[in-house]
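Engineer: Below you will find the structure I want to go over with you.
The values are calculated or read from the model by the stated rules, or taken from the named source; none is laboratory data. The structure displayed is predicted, hence computed values, not measured ones. Don't worry about glycine lacking a Cβ; one is built from the backbone with ideal geometry, like all the others, and counts go over all protein chains shown. Heavy atoms of the whole protein, side chains included, go into the accessibility calculation; ligands, DNA and RNA do not. Shrake-Rupley method; radii C 1.70, N 1.55, O 1.52, S 1.80 Å.
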Amino acid sequence: MIVRMASEESGTTTSAPIRVSEGKRVDAGVSATRAWRTRLLVIGIVLSALNLRPAITSLGALLEEVRDGLGMSGSVAGLLTSVPPLCFAVFGVMAPRLARRFGPGAVVCAGMAAITAGLVVRPYAGNTAGFLAASALALMGIAVGNVLMPVIVKRWFPDRVGSMTGLYSMALALGTSLAAALTVPMTDALDGRWQYGLAVWAAPAAAAVLPWIAFVRARDAGSTDGDTASPDGDTASARVEPDGLRITRSRTAWALAVFFGLQATAAYITMGWMAQIFRDAGVPAGTAGVLLAVTMVMGVPLAFVIPRLAARLPHQGPIVIALGVCGLAGYAGLYWAPAGGAWTWAVLLGISNCAFPLALTMVGMRARTGAGVAKLSAFAQSTGYLLSIPGPLLVGVLYQHSGGWGLPLALMAGLMVPQIAVGVLAGRDRIVEDEATR
């Protein structure tokens, strides 16, 4: 490129053969595009994570009002609290296949749109069947987000799996706690109608659609196979899935799936029933919602710290044990003094629930390739959520037929023991490709 030079003394211009490298200009443009896409991706991950639990915890805060409004029995309400893991199991297993066909960005974008639609429709469905169907639509969107977020993190941030998983988990915990804390006050401010209190959470879900639109067009928001464009706009080298990878042959994959299922059981029982436990103990509804929010908000700082710590340890077993002990202590407290020590039990159960970000971190650590993470994430989450389905339903049945919380709490505490055992096994320094490749 020829650049004209102006003389300051004479005011004349001359042509000087100074050449500017076109390659450097292109490289600068690529770098700027890469940085912009990375920032947009981080925003998309955070906004998506914020919307992966409000559909559940907002319902937990208003479960009694919804039961009265729709005429549900305790058993049906237990079924309602079992719908999330059922949908996660059914729809989560479809996520890798959809991502291969349409691109993870497009699938996550569609998932956020499904969450928005489901949250708008379900409060006004008019009956239990319609309420469940609309809830399932929202939960379908959550399911694909659950599975694909670890894949996207592994694909785009392979050297920052711990920190990015921590950021994603922290945002998820924040969204969970905000829905638990604000649903009842917002319902009171909106004429006391529970329909408004549930529908308002469609707004942040709609906002989460926007960052992914760019990746829908480009179809390059990572790939479960690693054969599409990378976030910097370059074509990534193909990462072929290892031949003969049979994830079900991996003991580590099974241990991680069972651990995921047991921690999910505890989490959804907590989100669906904890507020009701406090209310039955004489705690006001607003305070019970805040206590649930305290449990959820504990995950905000810990969900950022635990994955970073776990990524630096060769064995995550000690973290599994510490979280399990907190859960056992929290359940014991709910049995002996649910109202008197309510704040302490809420904190302990909040710490215990951080087994979720730990499980996500181990998904990223137990596989070597992006394709391996995709398979492991889908298998562990789908199998785990399938295993967790009976838990919330069984709690509802035990609560209705026993007339108290003694038996449900005994069940919760009893499940914590195998959770610790399989978590220690899943935390060993193993790679599923080494175990599952023939």
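Engineer: Find the accessible area per residue for segment 58-195; the probe is 1.4 Å, ligands and nucleic acids are left out, and the unit is Å². Don't skip to the answer; put the middle values down first.
Structural biologist: Details: 4650 Å² over 138 residues.
I get 34 Å² per residue for segment 58-195.
Engineer: Tell me, what % of the accessible area of segment 390-438 is carbon and sulfur with a 1.4 angstrom probe?
Structural biologist: 65 percent
Engineer: Scale the Cα Rg of segment 130-174 by the rule-of-thumb value 2.2 N^0.38 Å and send over the ratio, two decimals.
Structural biologist: Compared with the compact-globule rule of thumb, segment 130-174 sits at 1.44.
Engineer: Quick one: check the C-alpha center-to-center distance for segment 111-136 versus segment 288-349, whole angstrom.
Structural biologist: Here the answer is 31 Å between Cα centres.
Engineer: If you count only protein heavy atoms with a 1.4 Å probe, what accessible area per residue comes out for segment 347-438, rounded to a whole Å²?
Structural biologist: 34 Å²
Engineer: While we're on this one: Along segment 136-153, what does the Karplus equation 6.51 cos²θ - 1.76 cosθ + 1.60 (θ = phi - 60°) give for ³J(HN,Hα), rounded to whole Hz, x for Gly and Pro?
Structural biologist: Along segment 136-153, the couplings run 4, 4, 5, 6, 4, x, 5, 4, 5, x, 4, 6, 7, 4, x, 5, 5, 4 Hz.
Engineer: Okay, next question. For Ala133 and Val42, what is the calculated FRET efficiency with R₀ set at 30 Å and r taken between the beta-carbons, to the nearest 0.05?
Structural biologist: After rounding, the FRET efficiency stands at 0.35.
Engineer: Among 168-174, 331-337, 366-372, 140-146, how do they line up from the highest to the lowest mean number of other beta-carbon atoms within 10 Å? Please list the in-between numbers first.
Structural biologist: On the way: 168-174: 24.6, 331-337: 17.9, 366-372: 23.0, 140-146: 26.3.
Sorting 168-174, 331-337, 366-372, 140-146 by mean packing, highest first, produces 140-146, 168-174, 366-372, 331-337.
Engineer: Mind ordering 254-266, 177-189 by average Cβ neighbours within 10 Å, highest first?
Structural biologist: Listed from highest to lowest mean packing, they are 254-266, 177-189.
Engineer: Can you list residues from other chains, or at least 5 along the same chain, whose modelled amide H is less than 5 Å from the amide H of Leu52?
Structural biologist: Here nothing satisfies the definition.
Engineer: Counting only protein heavy atoms and using a 1.4 Å probe, what share of the accessible area of segment 249-385 belongs to carbon plus sulfur, as a whole percent?
Structural biologist: Answer for segment 249-385 is 71 percent, counting heavy atoms of protein chains only.
Engineer: Tell me, what HN-Hα J-couplings in whole Hz come from the Karplus equation 6.51 cos²θ - 1.76 cosθ + 1.60 at θ = phi - 60° for each residue of segment 116-130, using x for Gly and Pro?
Structural biologist: 4, 5, x, 6, 6, 7, 5, x, 10, 5, x, 8, 5, 4, x
Engineer: To continue, here is another question. Any chance you could run the full-extension gain for Ala207 through Ala322? It's 0.36 nm times the residue separation minus the Cα-Cα distance, nm to one decimal.
Structural biologist: 37.7 nm
Engineer: Return the carbon/sulfur percentage of the accessible area of segment 44-203, one whole number, probe 1.4 Å, all protein chains in place. Could the numbers behind the result be given before it?
Structural biologist: Numbers: 3340 of 5090 Å².
Carbon plus sulfur share of accessible area: 66 percent.
Engineer: Tell me, rounded to the nearest percent, the portion of alpha carbon pairs in segment 246-385 spaced more than 23 Å apart.
Structural biologist: Details: 3699 of 9730 pairs.
Value for segment 246-385: 38 percent of Cα pairs lie more than 23 Å apart.
Engineer: Fully extended, how many nm does the chain gain between Arg193 and Asp434 (0.36 nm per residue separation, minus their Cα-Cα distance)?
Structural biologist: Computed gain between Arg193 and Asp434 is 81.3 nm.
Engineer: Which stretch or stretches of segment 34-66 have amide N atoms under 19 Å from the point lying 7 Å from Ser163's Cα along the Cα→Cβ direction?
Structural biologist: Zone members listed by number: 34-47.
Engineer: Tell me, what is the per residue accessible area of segment 295-342 in Å², probe radius 1.4 Å?
Structural biologist: I get 45 Å² per residue for this part.
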